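Worksheet: the structure to be examined is printed underneath.
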Amino acid sequence: GTGMALPWSVLQKASFVGTHLAEDMQFGIELAIDGHPTAFCPEVGVRSKLPRQHSAFMTQRTRWEQGHLQTIFSQVPCLVKAAIRQRRLDLLCLALDLTVPPFSLLIVTWLPATSAAFIAWLLGAALLPALVLELAGLFAAVSIAAAWFVHCRREIPLRALAGVPAYIVRKLPIYLSFFLSRRQKEWVRTDREPAADALPSEKVSGTI
């Protein structure tokens, strides 16, 4: 992914994942299983240009989001087996982390689940499931607010968070096509505008 760096000795022995939709995620998992887990380097900063056109946005997001979901279904069992076989807690933690779906999908599934749980409670079911889901939503909101306050408040105004619902709605077709068996199967390069300096940028921390 953006900011990935590898020792040449590891790179020589690695098997590349080719046209996997989420090739950086898949590559990182394979390296972790082979004994080379990712190390976070907060002192490294990388700026990546993002597409401005809606079609380019959807192309890139479809590849990322559907690739993420495909990786969840295919790699979580592999990581759990490797964790048991190698007796490695870090691989089990990686498997658990991977089970968390993309945030937009998490919210999209949380909303109807929470609503259904409260309706069931009003109809006489237990209140505990609704409370657990409500608590999970509260934790998610607090996490977003804390992340914004610590890392983003100087670059992203608070009013920008008001656009999150519209952003999630824009991504609904990506998830619907995945679960309706109209999945993207080929790696498609995202179109970039020639005037790269005019594009917005996304700063991410590097990894080694």
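On the given criteria, is residue 136 more than 27 Å from residue 60 (Cβ to Cβ), in contact (Cβ under 8 Å) with a residue 24 or more places away in the chain and aliphatic (A, V, I, L, M)?
yes
Which of (1) touching a Pro at 6+ places or on another chain (Cβ under 7 Å); (2) open to solvent by 60 Å² or more (accessible area, probe 1.4 Å); (3) more than 26 Å from residue 31 (Cβ to Cβ) is the odd one out, the single condition residue 90 does not satisfy?
Just one mismatch for residue 90, condition (3).
Would you check if residue 71 is among the hydroxyl-bearing types (Ser, Thr, Tyr), open to solvent by less than 50 Å² (accessible area, probe 1.4 Å), in a helix (DSSP H, G or I) and free of Cβ contacts under 8 Å to residues at least 60 places away in the same chain?
Taking the combined requirement at face value, the residue satisfies it.
For region 86-94, state whether one or more residues are closer than 20 Å to residue 68 by Cβ, not in a helix (DSSP H, G or I) and not polar (S, T, N, Q).
So far as region 86-94 goes, no, none of its residues is closer than 20 Å to residue 68 by Cβ, not in a helix (DSSP H, G or I) and not polar (S, T, N, Q).
Are there any pairs with C-beta distances below 7 angstrom linking a residue in region 1-13 that is farther than 15 Å from residue 46 by Cβ to a residue that is at pLDDT 80 or above and assigned to a loop (DSSP other than H, G, I, E, B), with the two at least 6 apart or on different chains, and if so which?
10/36
From the list 83, 130, 140, 117, exactly one residue is open to solvent by less than 40 Å² (accessible area, probe 1.4 Å), touching a helix residue (DSSP H, G or I) at 6+ places or on another chain (Cβ under 9 Å), under 30 Å from residue 35 (Cα atoms) and among the small types (Gly, Ala, Ser). Which is it?
When all the criteria are applied, what remains is 83.
The values are calculated or read from the model by the stated rules, or taken from the named source; none is laboratory data. Because the structure is predicted, anything quoted here is derived from the model rather than measured. Neighbour counts run over all protein chains shown; Cβ positions are idealised from the backbone, glycine included. Please note that ligands, DNA and RNA were not included when accessible areas were found on the heavy atoms of the full protein model with its side chains. Shrake-Rupley method; radii C 1.70, N 1.55, O 1.52, S 1.80 Å.
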